[in-house]
Amino acid sequence: MNTTTAYTTTTDQTTPQLSRPTEGRMLAGVAAGIARYLDVDVTAVRIILVVLAIVGGAGVPIYLAAWLLIPDEGSGQSIAGGFLQSRSA
């Protein structure tokens, strides 16, 4: 008996890209981008960042680093990446 089994895989789910959206921003779109990437409510991310800023002050440097390292939606390069590229040219 000769049987052949064919397996097909579908990739209906696409991996979200971490980027700062152009719509739904409050400041630079960091919280909205992280919320969309993690599939959580943006308010929860904003509250976590505010709590981190108040308790210990870590929220501000984390937000600034994310703003520099996470690219804008539709852009393939972050602010820091563009700066480094312009400095090396």
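Since every read-out is calculated from the coordinates, none of them should be taken as a lab result. Computed from a predicted structure; not experimentally measured. Quick reminder, even Gly has a Cβ in these numbers, built from the backbone with ideal geometry, and neighbours come from all protein chains shown.
For the reader, a short list of remarks on this structure follows.
- In the chain, helical runs assigned H by DSSP with n ≥ 4 each contribute -39500 (n - 2.57); averaged across all residues and rounded to the nearest 500, the mean residue ellipticity at 222 nm is -14500 deg cm²/dmol.
- HN-Hα J in Hz across the range 59-76 - Karplus 6.51, -1.76, 1.60, θ = phi - 60°, x for Gly and Pro: x, 5, x, 5, 5, 5, 5, 5, 4, 7, 9, 8, x, 5, 4, x, 9, x
- Cα long-axis angle, helix 79-88 against the chain (0 to 90 degrees, to the nearest 10): 80
- Distance (nanometres) between label positions extended 7 Å along Cα→Cβ at GLU23 and ILE47: 2.6
- Take every pair of alpha-carbon atoms less than 8 Å apart whose residues are at least six positions apart; their mean separation over the length of the range 30-88 yields a relative contact order of 21 percent.
- Look at [x] 83, 37, 15; [y] 64, 21, 14; [z] 70, 40, 25: the one that is Cα extents along the principal axes in Å derived from this structure is [z].
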